[in-house]
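To start, the structure itself, in structure tokens.
The values are calculated or read from the model by the stated rules, or taken from the named source; none is laboratory data. Owing to the predicted nature of the structure, the values given are computational and were not obtained by experimental measurement. Here the Cβ positions follow ideal geometry from the backbone for every residue, glycine too, while neighbour counts run over all protein chains shown. Side chains are part of the model used for accessible areas, which takes the heavy atoms of the whole protein and leaves out ligands, DNA and RNA. Shrake-Rupley method; radii C 1.70, N 1.55, O 1.52, S 1.80 Å.
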Amino acid sequence: MRPRLWVRFDAGAIDNGMREYNIPVWSQERPSTLLWLVVRDGLGQRFASLDEDSRYFTVLREQARARGISFITPLQDLQDAAAIRSSDIIGGLEAPLQQASARYHPDAILAGSLIGDPQGLWEGRWTLIIQGQNAGGWSSTGESIDLVLSEGIDYLADNLATRFAQTQGYAGESTQEISVTGIGSFAGYAETLRYLESLNFVSSVDVTDITPGRVVYRLTTRGDASTLAQALALGRVLQPSGVGGEYQLLR
């Protein structure tokens, strides 16, 4: 029997150590990414579908899971067909890509084309848009489809981490209050409390005021108000409903 190594990590201690040495910490709230994939092979040129091209999506999802991210795919219904063509993806046209993606409200858009040639080589071309801004494009070539697809996800993960990981250092803690409306039951109150406590830069959460449909939470955090606002925006549990820390429960 081969020897095995069993390791258990203390997430809190690792996070604290990384902050103490000013190493960026990526919150568990990750951007939502919409993936458009076009395939050109012996069967022609088409948008990849979960039914016909499940192997490609299996590779992509496994690599995304390994990198701590996830993605969603378009419905590919009549509305999508009217907004974008496969040639738009291969041509790297940004305008139709943004237009077709708007209905999904993603934080990031990844458009990829997987092109095979008669010699057995595959080329992956990728375009990334983050929060409405072009974050660049890249390509990779190889005999392995799996490698080409994995490299696309790796580039996506690296770019998202660079954009959203926080370098907070260890400058002490601050206190911030947010007011949450749309809480009409104890379940909504408890869900909001659990969600806020789950944010890895939040040390503690206290309730300071409760009125019908509204709860005020006081958060002790590592990081400033912008760090909190970004995490809440990515979490899609609370939606800003005004200024000065006003939010609404979405679920």
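Keeping the other protein chains in place, figure out the carbon and sulfur percent of the accessible area of the stretch 1-103, with a 1.4 Å probe.
C and S fraction of accessible area: 53 percent.
Just how far, in whole angstrom, is the stretch 94-170 from the stretch 172-225 if you go by their alpha carbon centroids?
Here the answer is 34 Å between Cα centres.
Would you mind getting the Kirkwood hydrodynamic radius of the stretch 132-244 from its Cα pairs, rounded to one decimal in Å?
Computed over the stretch 132-244, the radius equals 16.8 Å.
Rounded to the nearest whole Å³, what is the per residue volume of the convex hull around the Cα atoms of the stretch 35-174?
127 Å³
Hand me the chymotrypsin sites (Phe, Trp or Tyr not before Pro) from the stretch 1-104 located in a DSSP loop with no more than 11 other Cβ atoms within 10 Å, in residue order please.
Values: sites: Trp6, Phe9, Tyr21, Trp26, Trp36, Phe47, Tyr56, Phe57, Phe71, Tyr104; in loops: Trp6, Phe9, Tyr21, Trp26, Phe71.
Here the sparse-neighbourhood loop sites are Trp6, Phe9, Tyr21.
Full-extension gain between Ala66 and Ile23, please, as 0.36 nm times their residue separation minus the C-alpha to C-alpha distance.
Full extension of this stretch gives 13.4 nm more.
Taking a quarter of the surface of the Cα convex hull of the stretch 85-134, what do you get in nm²?
3.7 nm²
Loop sites only, by DSSP: take the GluC sites (Glu not before Pro) in the chain that have at most 13 other C-beta atoms within 10 Å and name the longest stretch containing none of them.
144-251
So what is the accessible area of the stretch 35-158 per residue, in Å², with the probe set to 1.4 Å?
For the stretch 35-158, the per-residue accessible area is 49 Å².
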